[in-house]
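Computed from the coordinates by the stated procedures, all read-outs in this text should not be read as laboratory data. Quick caveat, the model's predicted, so the values are computed rather than measured. Counting neighbours? That spans all protein chains shown, and the Cβs are built from the backbone with ideal geometry, glycine included.
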Number of protein chains: 2
Amino acid sequence: MALAHALLASLLVDGACSGYDLVKRFDESISCYWMASHQQIYKELRDLEKQGWVSSETIAQTGRPNKNLYSITALGQEHLAHWILTPSVPTVIREDLMIKTLAGFLVPNLAMLDELKRRRQIHLDKLAVLKEIERQEFPQVAALSREQKFCYLSIRRGIRYEADWVAWCEEAIALLAEE
Amino acid sequence: MALAHALLASLLVDGACSGYDLVKRFDESISCYWMASHQQIYKELRDLEKQGWVSSETIAQTGRPNKNLYSITALGQEHLAHWILTPSVPTVIREDLMIKTLAGFLVPNLAMLDELKRRRQIHLDKLAVLKEIERQEFPQVAALSREQKFCYLSIRRGIRYEADWVAWCEEAIALLAEE
DNA sequence: TATTCCATGTAAGACGTTACATGATTGA
DNA sequence: TCAATCATGTAACGTCTTACATGGAATA
């Protein structure tokens, strides 16, 4: 149910846009916290409009398909604020690599080391992207407005998450390389 | 599809048991990496048996319901090993609190601080449990067998994950408390 | 000439959650 | 006596993934 809220938050923070643009936003930055396919996003936007939480306007275009521009409504903002005030529990974790790690002794050590190194690189790459965003958009942490602080904290969560994965991969590689 | 592999890994590492016991294992330790309800687990075990990856034996009991004791088969081990060797991608993240953080300026500062403190405590509690397991079961890291190293690394992942959440909560609380 | 971009959608199936159900036994 | 434990299940519903579809415009 929270895809709805992720969409509302994006429309609120980064402004009105089309479903297509939301797909890109999710692919780029929001995917740090919420993953969604275009099928899900388009469908959810239609549902949100039925609820009155977003409104849409069809923009006629020449040379390319028309698009629906979605905006969050006042009702949508109220709904989002109300949801934010509802206590939530940590997301359930379902991490393939941890299951593989539990039973990792079934396969050759080098195979596990390869997988861990591959995984470390994935997180290093994501980390580099996020750090660049941090450097460019938040050069002066002391001078942030309240709204900017929240964006900053979101990026910080992503940075910590990726850095933490890298650190664990390093630890695991070091321990298994002892063999 | 990886719930199947989580079940196989548990039966392999911690030995044969009933669905009921697997539910408990998932509630206690495995939930760090894989969450599952009893309905899912019972159903998946039946499916795994159809595939020939586990075998079951009905244990007649007096004074309490009969139980089905599940064991991983040789075929199941092969399948698990094969899956481990298949490269996998990081789990998609869907984290309510991050969406709330993005749009957190919609609600009073104290409300967000409360939610962050509540959240920090949840992770502190989980962290304490995991650290206790680490202390009791892995007192001497240098002397671990290959199989034990993998268990140790799983616990380490959980510890890092929870500690990382705590650290982020601290950072967020500090930044928002400035107001 | 082939691929990617723009922009949106349907449909089937897998996976997960929530609610409901049973019934004896053990412990507070 | 009330709740929790043991032990397993069905059913309805919601969410997510995967596959398939369209068709012009711009770019390599």
Under a 5 Å amide H to amide H cut-off, with H placed in plane at 1.01 Å, what residues pair with B:Val54 once short-range neighbours are removed?
-> B:Glu49, B:Thr73
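Any idea what diffusion coefficient the range B:96-177 gets from Stokes-Einstein, in µm²/s, Kirkwood Rh on alpha carbon pairs, 25 °C, 0.890 mPa s?
Answer from the Stokes-Einstein relation: 171 µm²/s.
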How far is A:Glu170 from itself in the other copies, in nm, if each label sits 7 Å out from Cα along the Cα-Cβ line, shortest first?
-> 1.8
Per residue, the convex hull volume that the Cα atoms of the range A:28-169 enclose (Å³) = 201
Long-range amide H partners of B:Asn68 with built H, under 5 Å = B:Gly19, B:Ile59
Under 15 Å, Cβ to Cβ, from B:Gln136 - net charge with Lys/Arg +1 and Asp/Glu -1 | -1
Relative to the longest principal axis of the C-alpha atoms of chain B, give the angle of the C-alpha long axis of helix B:2-14, reported between 0 and 90° and rounded to the nearest 10°.
-> 70
For a footprinting-style exposure proxy, rank A:Asp47, A:Asp125 by other Cβ within 10 Å, fewest first.
-> A:Asp125, A:Asp47
Inter-copy spacing of A:Glu137 label points, which lie 7 Å from Cα along Cα→Cβ, given in nm from shortest upward | 4.0
Could you list log10 I(q)/I(0) for the protein assembly as shown at q = 0.11, 0.15 Å⁻¹, which the Debye formula gives when each Cα is one point scatterer?
-> -0.87, -1.31
Can you give the Kirkwood hydrodynamic radius for the range A:2-84, in Å, rounded to one decimal and based on Cα pairs?
-> 12.8
Nearest 10, in degrees from 0 to 90: the angle of helix B:109-137 to the longest Cα principal axis of chain B is 40
Of B:Lys126/B:Lys149; A:Lys43/A:Lys100; B:Lys24/B:Lys100; A:Lys100/B:Lys50; A:Lys100/B:Lys126; A:Lys126/A:Lys149, pairs whose Cα-Cα distance is over 28 Å = A:Lys43/A:Lys100; B:Lys24/B:Lys100
Run the numbers on chain A and let me know its relative contact order in percent, using alpha-carbon pairs under 8 Å that are six or more apart.
-> 19
Hey, what did the range B:2-84 get for relative contact order, percent, Cα under 8 Å, at least 6 apart?
-> 36
On a 0 to 90 degree scale, rounded to 10, what angle separates helix A:38-51 from the longest Cα axis of chain A?
-> 40
Return a whole-number percent for the relative contact order of the range B:96-177, with Cα pairs under 8 Å and 6 or more residues apart as the contact set.
-> 47
Given A:Leu85, A:Cys32, A:Leu7, which one lies farthest toward the positive end of the charge dipole of the range A:1-146, if we put +1 on the Cβ of every Lys and Arg and -1 on the Cβ of every Asp and Glu?
-> A:Cys32
So for B:Val129, A:Val13, fewest C-beta neighbours within 10 Å to most, what's the order?
-> B:Val129, A:Val13
Check the axis relating chain A to chain B and name the residue of A whose C-beta is nearest, distance in whole Å.
-> A:Asp164, 2
Mean residue ellipticity (222 nm) of chain A, computed from DSSP H runs ≥ 4 via -39,500 (n - 2.57), nearest 500 | -21500 deg cm²/dmol
Please sort by residue number the GluC sites (Glu not before Pro) in the range B:16-63 whose DSSP state is loop and whose Cβ has at most 15 other Cβ atoms within 10 Å.
-> none
Would you order A:Phe138, B:Phe105, B:Phe150 from fewest to most other beta-carbon atoms within 10 Å of each residue's own beta-carbon?
-> A:Phe138, B:Phe105, B:Phe150
